[in-house]
1. Out of everything in region 18-27 that is closer than 28 Å to Ser97 by Cα and surrounded by fewer than 21 Cβ atoms within 10 Å (Cβ to Cβ), what residue ends up being nearest to the chain's Cα centre (by Cα)?
2. Which one of these does Ile9 not meet: (1) surrounded by fewer than 20 Cβ atoms within 10 Å (Cβ to Cβ); (2) within 26 Å of Glu172 (Cα to Cα)?
3. Consider only pairs whose beta carbons are under 7 Å apart and that are at least six residues apart or on different chains; among these, list those whose first residue lies in region 126-140 and is of a type in the set (Lys, Arg) and whose second residue is open to solvent by less than 50 Å² (accessible area, probe 1.4 Å).
4. For residues that are closer than 16 Å to Glu167 by Cβ and of a type outside the set (Lys, Arg), tally how many sit in region 131-148.
5. Would you confirm whether any residue within region 35-53 is aliphatic (A, V, I, L, M) and assigned to a strand (DSSP E or B)?
6. Do we find a residue being within 18 Å of the chain's Cα centre (by Cα) and assigned to a loop (DSSP other than H, G, I, E, B) anywhere in region 165-174?
7. Pick from region 176-187 the residues that are open to solvent by 60 Å² or more (accessible area, probe 1.4 Å) and over 17 Å from the mean Cα position of the chain (by Cα): which of them is nearest to Ile4 (Cα to Cα)?
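The values are calculated or read from the model by the stated rules, or taken from the named source; none is laboratory data. Keep in mind that what you see is a predicted model, and the values were worked out from it rather than measured. Cβ atoms come from the backbone with ideal geometry, glycine included; neighbour counts cover every protein chain shown. For the accessible areas, the whole protein counts, side chains as well, though only heavy atoms, and no ligand, DNA or RNA atoms are used. Shrake-Rupley method; radii C 1.70, N 1.55, O 1.52, S 1.80 Å.
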Amino acid sequence: MSVIVIEFITLDGIVSDPDGSAGTPLGGWAFRYGPEAVAGDKFRLGRTLDEGALLLGRATWQLFSRLWPGRDDPFAARMNAVPKLVASRTLTHADTSVWQNSQVVDGDLVDVVSRERRDVVVTGSLSVVDRLMAADLVDEYRLLTFPTVLGTGRRLFPAEGPHTELECLAVEQVGAAVLTRYRRATP
């Protein structure tokens, strides 16, 4: 089992509001490069989506549950079919019934992820990523870096975060962005 964090990110490490849905002044930065820049399996998840689980925080799940069920393309079919674990203190199992294969995480998030047998893909959901990083559970980062510098916003790796050594697995240009894959470095 691996925990894979996927994020749209700027050159200066900002991951907040890539689609503009949060209404921040500089939001929507990833979508300024056109829909093809963010559409489809840009993170090269492949079979991981077919055999793993998606872990989302409440806000990301609510956004995705409004977007993905109405789409009709091969990647949308995979997003709708993947089991979705929802980390929320306010959503109920009844709330998550609006998007197939969604269920609220019961119990402590770190414990649930530690016991999961499938690969877990975390997208967006910075509070979830923060908890998993603090528990040293993230095995891989897949970052789609856009040629934008925002100067302000939420960073994936905050200045006060823990020291982590990573090893580069792959670098690939994907349209206007660059997909980089990193894993924890082995000593």
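1. Step one: list which residues in region 18-27 are closer than 28 Å to Ser97 by Cα, which gives 18-23.
With the extra rule that they be surrounded by fewer than 21 Cβ atoms within 10 Å (Cβ to Cβ), the set shrinks to 19-23.
On the way: Asp19: 13, Gly20: 16, Ser21: 15, Ala22: 16, Gly23: 19 Å.
Filtering region 18-27 for residues that are closer than 28 Å to Ser97 by Cα and surrounded by fewer than 21 Cβ atoms within 10 Å (Cβ to Cβ), the one nearest to the chain's Cα centre (by Cα) comes out as Asp19.
2. Checking Ile9 against (1) surrounded by fewer than 20 Cβ atoms within 10 Å (Cβ to Cβ); (2) within 26 Å of Glu172 (Cα to Cα), the one that fails is (1).
3. From region 126-140, the pairs are Arg131/Leu109; Arg131/Val110.
4. Selection size over region 131-148: 6.
5. yes
6. Scanning region 165-174 turns up no residue that is within 18 Å of the chain's Cα centre (by Cα) and assigned to a loop (DSSP other than H, G, I, E, B).
7. Only one residue tops the list, namely Arg184.
Every residue, every condition in (1) touching a residue at least 24 places away in the same chain (Cβ under 8 Å); (2) of a type outside the set (D, E, K, R), yes or no:
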position	(1), (2)
Thr10	yes, yes
Asp17	yes, no
Gly23	no, yes
Trp29	yes, yes
Val38	yes, yes
Asp41	yes, no
Leu45	yes, yes
Leu49	yes, yes
